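Shown next, in structure tokens, is the structure this report addresses.
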Amino acid sequence: MSKIRMNIAGGYLRGEVRQLIEDNPQLAPMEAVAMWVDTRYGKWIETNMETTDFMIGDVEYSGDGDNVKGSFSIDFDNPNHEDYFVRNVGGKIVPIEGA
């Protein structure tokens, strides 16, 4: 078993993600980032891959101003879905230890 690890592009972090954080002060920044990841990538998977057998997690966000970084992981039940996602969107397939 494995998962996909994705880094969030700096342009998204300094643009869309920052705006979402600013527009939703009631949310912690990490919550806003997780919401953005779910909207952007979760909806892409459901629309383009026609599956709901995946889980987005391990959302990370750190930094301030223009010096920010973020990442997340996606677990698919089907290894073919992992391959399709990486070919079409990006990311890196990472083996899960002990699986």
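Just need log10 I(q)/I(0) for segment 10-66 at q = 0.16, 0.28 Å⁻¹, Debye formula, equal scatterers on the alpha-carbon atoms, no solvent, rounded to two decimals.
-0.53, -1.15
How big is segment 49-99 by Rg and Dmax over its Cα atoms, in Å?
Here Rg and the maximum Cα pair distance are 13.3, 38 Å.
Return the Rg/Rh value of the chain, two decimal places, where both radii are evaluated on C-alpha atoms and Rh is the Kirkwood radius.
0.99
Given 0.36 nm per residue, what is the gain on full extension from Val94 to Glu46 after removing their alpha carbon distance, in nm?
15.1 nm
Computed from the coordinates by the stated procedures, all read-outs in this text should not be read as laboratory data. This is a predicted model, so every value here is computed, not measured.
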